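Beneath this line is the structure, given in C-alpha cells, with notes to follow.
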There are 2 protein chains.
Amino acid sequence: MPKGFSSFGINIGIKDKTKDFGVIYSEVPCKAAAVFTKNNYPGAPVIVGKEHVRSGVLQAIVINSKNSNVATGERGVENSREICRTIGESLGISETLVLPSSTGVIGVPLKMEVILPACKKAKELLKPGNLEEVAEAIMTTDTRKKISFRKIKTKSGEATIFGIAKGAGMIEPNMATMLCYILSDASLPENTNLYSVLKSSVDKSFNCLSIDSDTSTSDTVVLLCNGLAGEADEAEFSRALEEISVDLTKLIAIDGEGATKLIELTVSSAKNETQARKIGKSILNSPLVKTAIYGGDPNWGRLVMAVGKVFDEPIPFEGLEIYFGDLPVKGATPETLKKLSEYLKNNTEISLNVVLNVGATSMKFWGCDLTEKYIEENAYYTT
Amino acid sequence: MPKGFSSFGINIGIKDKTKDFGVIYSEVPCKAAAVFTKNNYPGAPVIVGKEHVRSGVLQAIVINSKNSNVATGERGVENSREICRTIGESLGISETLVLPSSTGVIGVPLKMEVILPACKKAKELLKPGNLEEVAEAIMTTDTRKKISFRKIKTKSGEATIFGIAKGAGMIEPNMATMLCYILSDASLPENTNLYSVLKSSVDKSFNCLSIDSDTSTSDTVVLLCNGLAGEADEAEFSRALEEISVDLTKLIAIDGEGATKLIELTVSSAKNETQARKIGKSILNSPLVKTAIYGGDPNWGRLVMAVGKVFDEPIPFEGLEIYFGDLPVKGATPETLKKLSEYLKNNTEISLNVVLNVGATSMKFWGCDLTEKYIEENAYYTT
C-alpha cells in the first residue's frame, strides 16, 4: 500500500446490509487530477468534485454506493457539499480538499440521516492502508473487488501506485469511467501536468471499454499523489499507471453484468485513432456479436455487419481480416467454423483481431458477452 | 389486393421446412423506387437491386429467406444476377426488371442448386394477388406476417396500396429498413418523384425504428406502382403510404426478437429533426431503458441518463419533462413510482413522451423491450 493513506469501508444501511460507505484520507495534501463523465446530466458529486479538484490538491475522498445522487437538483448538490463539509470537520481539513462520489440508483434523494452521522465518525474509523475495504464498499452490481497496483522506483527508494475501481453496468466511459481511485505515495517532477498523465492513461484503458453502451452519469477517475515516497520518473510512472488502468478496465469488463466472457478486441491497421475507436466500439456494442460470443456461435458475419455499420468509415471488404485468437474466419469453411466454435466454447477470454489494412494505427478495446443474466439484473433493479 | 399483381411463397429447403422463397410479378411494368441499407457491406442482392431500380421501372421481385447472400464476394453478386436472369426467362421479361432480395445468415454461399430450379418454375407457381404467402416466405426470426394496406381514390375509381415487411433482429434501419415491399395499382402524376415520395415516408417510419441498434446489410424498401387502377393524388397517396409504413414499422417493433412490449416514443419540443433523432435513438437503444420497461421497473432515472449521453445535444435539465402515458415521472414520489410500475406492468404498448422544451420539432420513434429471449435467440443462431 502507498504510504500515508488510511481508509475504511462500512455498511451504514443505505439500501441493504452490504458495505455502502467509505472514506480515503492522506495524512498530507496530495497533488490530484480527475476525469469525469461527459454525460450532460452529471451527478451532484461530479459537479462538486470538479470544483474541488480544480486547485490540483485533494486530501480525502468520500464515497457512498447504492444511490448516485443524480437528477436530484439543487438539493442533491447541497447534500454533496454538506457531506464534504462534515468530512472536512471530522478530519480537520478544508471541505475543498474532499472529493465526493456517489454511485447507484438515479433520481432518489440521498439518505442524509444515515450518511451525515457516518461522516462525523470518519476520523475514528480510519485504519492505515485498508484500501481493499473501500474497494468493497463502492461495489453496486459488481460481483468482485477490482484492485491493481504497481511498484516503481523513486529518487529515495520505492513508491506504490494503488488503484481500485467499481463498475458492472451502465458502462461506456467517455472521457472517464465508473468510479476509480488511484493512489500513490510518489511525487512527480515539478513541471509534470498530472491531468495529462492521467488523461493519456484513461484514453488507452477506460475509454476503450464498453459493457452496455450506456454512459453513466457518475463516471469519475481520480489520481492522488502524496509524494511521501519521493519523486518518480514521469515516464515510468505513466507506464505503471497505464498498466494499472488497463488491469482495472479488464476487471470491469469481465465483471460486466451477467458476463461470462471477457472480450479483448484489437483493431489494427486503422487510418487513425478516431477510426479505430468508432469501429472498435461498434463491434463491442453490437448485441448480435455479444450474444454470438456468449453462445459459442461461429457467426463471424456479424463482425462484418458491425464494421460495415460505421457509415462514415468505409473499409474495403477485400482488405478486411478477422481473427478469433489466431484463427482467420472470413469466408470460413465448415471446418474453420467448427474450430471457431470450439475456440469460443473453450475460452473465457476471447481475443478478437480485426485488421482494417488502411493505415498504421492499432488499438485495444475491452468488453464482454451479453447474457440472459444481464436482462434479469436490469429488469428489476429498483424493485 | 392491388390489380395486376400475382405472387407465390413456397418452401424450397434452403434451411428447414418453412417457406423460404417467393416471387412477386406485375402483369405490366411498374414505376418503381427503392431505398437500401447504408451499411458499408451491402448484400449482393442490394448491389444488383440498386442497378436494376436505377431505370425507375421494375416488374418482378424475387426473394429468398434463411440466407442473406452477404459477404460472399464476386460469386455472391454473380449468383444474384443469375437468379434475376432465370426469373426473367421464366416470366418472359428482361432481367433488369427483376429486383432480387435475400435475408438470413451472413457469409454463407446461396444454395443455387435449389434456388435456380424454383426460379425456372416461377411462372407456373404464380397466383393472382396471394401476397400473404410472400409475407410468410420472407420471414426469418419473425413470429408473424407483417401486412398493411390502404384504399385511395383515383381519377377512374379506387386503388390499393399493399405493403408487406419482415424483420425482427439486426434492426436499426438507416435510410432504409429490413425487407419491405409496397405494391400499388395506382399511378401518380407525371411530374411526381417516386423516390422522394418513398424516402419521405421511410424517414418518418422505418428510419425511426430500432430493435437492437444493429444495421442489417440487407435492408431494402421497394415501392412498385403499376397504374392499373388509374392516377391518384400525390398528397393522398403519400399520406396512405406513410400510414402503411408506420403500421409496418410498429409490426416490426412489436415482433422484435424476444420482445414483450412495443415502445412508442415521442420526442417533442426538439430544436430540429437531427436532435430529436439522436435523442430518440439514444433512448430506444439503451439496454438499461429497455430492460427496465421489460421488468416493469419504474426506473425513470435511466431515461435521464439516455438523454444526457447524447453529448453533442445538451438539454437543460430543468426544462426536461418525461411522461409514461400521461404520467409525469421526473422527481417521482413513491406514489408516482407505484403508478408507473402499474402502467408498465399492465400495458403491452408503452407510450413514452420526452419533452425537451428547446424548440418546435416533434417526432415519433418505435422500439421494443429487451428480454432474455433476445439473448437465447441470438446466442445460437447458426448452430
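The values are calculated or read from the model by the stated rules, or taken from the named source; none is laboratory data. A quick note: this is a predicted structure, and the numbers were derived from the prediction, not measured. Cβ coordinates were reconstructed from backbone atoms using ideal geometry, including for glycine residues, and neighbour counts include every protein chain displayed. Each accessible area value is taken on the protein alone, full model and side chains, heavy atoms only, with ligands, DNA and RNA left out. Shrake-Rupley method; radii C 1.70, N 1.55, O 1.52, S 1.80 Å.
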(message) At 7 angstrom along the Cα-to-beta-carbon line, where would the label on A:Glu321 sit relative to the other copies? Give the distances in nm, shortest first.
(response) 5.7
(message) Ordered shortest first, which distances in nm separate the 7 Å Cα→C-beta label point of B:Glu132 from those of the other copies?
(response) 6.8
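Just the number, please: buried accessible area between B and A, total of both chains, 1.4 angstrom probe, nearest 100 square angstrom.
On the way: alone 15670 and 15700 Å², together 26790 Å².
The buried area between B and A, both sides summed, comes to about 4600 Å².
Which order do the peptides A:102-110, A:187-195, B:91-99 come out in when sorted by mean C-beta neighbours inside 10 angstrom, highest first? Display every interim value, and only then the final one.
Numbers: A:102-110: 23.2, A:187-195: 14.2, B:91-99: 19.4.
The densest-packed peptide leads the list: A:102-110, B:91-99, A:187-195.
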(message) Modelling each spin label as a point 7 Å along the Cα-to-Cβ direction, I'd like the B:Ile10/A:Thr348 distance in nm, to one decimal.
(response) 5.3 nm
(request) Counting only heavy atoms of the protein chains, get the accessible area per residue of the protein assembly as shown (1.4 Å probe) and round it to a whole Å² value. (result) 35 Å²
(request) Within the set of other residues whose C-beta is less than 11 Å from the C-beta of B:Tyr294, count the net charge using Lys and Arg as +1 and Asp and Glu as -1. (result) 0
(request) At 15 Å minimum axial length over the Cα atoms and a Kyte-Doolittle cut of -1.0, report the qualifying DSSP H helices in chain B, or say none. (result) B:73-91, B:234-254, B:273-285
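Would you mind giving the three semi-axes, in whole Å and largest first, of the ellipsoid equivalent to chain A according to its Cα gyration tensor?
On the way: eigenvalues 291, 112, 60 Å².
For chain A, the ellipsoid semi-axes come out as 38, 24, 17 Å.
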(message) Using amide H atoms built in the peptide plane, which far-off residues or other-chain residues are under 5 Å from B:Ala33 H to H?
(response) B:Leu223
(request) Would you mind listing the distances between the A:Gly359 label point and the same position in each other copy? Use 7 Å along Cα-to-C-beta, nm, one decimal, shortest first. (result) 3.0
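Could you pull out the trypsin sites (Lys or Arg not before Pro) across region B:183-257 that fall in loop regions by DSSP (anything but H, G, I, E, B) with no more than 14 other Cβ atoms inside 10 Å?
On the way: sites: B:Lys199, B:Lys204, B:Arg239, B:Lys250; in loops: B:Lys204.
Counting only loop positions with at most 14 other Cβ atoms within 10 Å, none of the trypsin sites (Lys or Arg not before Pro) in region B:183-257 qualifies.
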(message) Rounded to the nearest angstrom and ordered from largest down, what semi-axes does the equivalent ellipsoid of region A:262-380 get from its C-alpha gyration tensor (root of 5λ)?
(response) 23, 18, 12
(message) From the helices alone, meaning DSSP H stretches of at least four residues, give me the mean residue ellipticity at 222 nm for chain B, per-run term -39500 (n - 2.57), in deg cm²/dmol to the nearest 500.
(response) -10500 deg cm²/dmol
(request) Rounding to the nearest 20 debye, state how big the charge dipole of region B:241-361 is about its Cα centre with +1 on each Lys and Arg Cβ and -1 on each Asp and Glu Cβ. (result) 400 debye
(message) Could you tell me the center-to-center distance, by alpha carbons, between region A:82-152 and region B:290-315 in angstrom?
(response) 27 Å
(request) Give me the net charge of B:Asn67's neighbourhood, meaning all other residues with Cβ under 10 Å from the Cβ of B:Asn67; Lys, Arg count +1, Asp, Glu -1. (result) +2
(message) Which residues, if any, in region B:337-383 lose at least 10 square angstrom of accessible heavy-atom surface (probe 1.4 Å) when the other protein chains sit next to their chain rather than the chain being alone?
(response) B:Leu370, B:Glu372, B:Tyr374, B:Ile375, B:Glu376, B:Asn378, B:Ala379, B:Tyr380, B:Tyr381, B:Thr382, B:Thr383
(request) Among DSSP beta bridges lying fully in region B:262-380, give the percent that are antiparallel, nearest 5. (result) 65 percent
(request) Check each of the GluC sites (Glu not before Pro) in region A:291-379 and keep only those in coil by DSSP with at most 10 other C-beta atoms within 10 angstrom; list them in order. (result) A:Glu318
(message) A drop of at least 20 square angstrom in accessible area, chain alone versus all protein chains together, probe 1.4 Å. Which residues of region B:208-231 meet that?
(response) B:Ser213, B:Asp214, B:Thr215
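Express the carbon and sulfur contribution to the solvent-accessible surface of chain B as a percent, rounded to the nearest whole number, probe 1.4 angstrom. Mind dumping the intermediate values first?
Details: 6830 of 13380 Å².
Its accessible area is 51 percent carbon and sulfur atoms.
Ordering A:Ser351, A:Ser26 from largest to smallest accessible area (1.4 angstrom probe), what's the sequence?
Values: A:Ser351 40, A:Ser26 0 Å².
Per-residue accessible area, sorted high to low, gives A:Ser351, A:Ser26.
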(request) Can you spot the aspartates and glutamates whose alpha carbon is less than 18 Å from B:Lys339's alpha carbon? Ignore those fewer than 8 places along the same chain. (result) B:Asp297, B:Glu321, B:Asp326, B:Glu349
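Please report the net charge: other residues with Cβ closer than 15 Å to the Cβ of B:Asn191, K and R +1, D and E -1. If you can, show how the numbers build up before the last one.
On the way: positive: B:Lys31; negative: B:Glu190, B:Glu231, B:Asp233, B:Glu234.
My count for the surroundings of B:Asn191 gives -3.
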(message) Using only the Cα atoms of region A:199-329, what are the Rg and Dmax in Å?
(response) 17.3, 56
(message) Going by amide H atoms built from the backbone, whose H comes under 5 Å of the H on A:Ser102, apart from near neighbours?
(response) A:Asn64
(request) List the residues whose amide H sits under 5 Å from the amide H of A:Thr154, counting only those 5 or more places along or on another chain, with H placed 1.01 Å from N in the peptide plane. (result) A:Ala159
(request) Beyond 27 Å between alpha-carbons counts as too far, so tell me which of A:Lys15/A:Lys127; B:Lys250/B:Lys373; B:Lys145/B:Lys309 fall in that bin. (result) B:Lys145/B:Lys309
(request) Above 38 angstrom, tally the Cα pairs of the protein assembly as shown and express them as a % of all pairs, no decimals. (result) 43 percent
(request) With a 1.4 Å probe and every protein chain left in place, tell me how much accessible area A:Thr143 has, in Å² to the nearest 10. (result) 100 Å²
(message) Please report the accessible area of A:Lys145 (heavy atoms, 1.4 Å probe, ligands and nucleic acids excluded) in Å², nearest 10.
(response) 90 Å²
(message) Using a Förster radius of 35 Å, what is the FRET efficiency between A:Leu116 and A:Glu234 based on their Cβ-Cβ separation? Nearest 0.05, please.
(response) 0.30
(request) Please turn the phi angles of region B:21-26 into ³J(HN,Hα) values with the Karplus equation 6.51 cos²θ - 1.76 cosθ + 1.60 (θ = phi - 60°), one per residue in order, whole Hz, x for glycine and proline. (result) 8, x, 9, 10, 9, 10
(message) To confirm my reading of the symmetry, which residue of chain B has the Cβ nearest the axis that brings B onto A, and what whole-Å distance does it have?
(response) B:Glu372, 2
(request) Would you mind calculating the gained length between A:Lys155 and A:Lys373 on full extension (0.36 nm times residue separation, minus the Cα-Cα distance), in nm to one decimal? (result) 73.5 nm
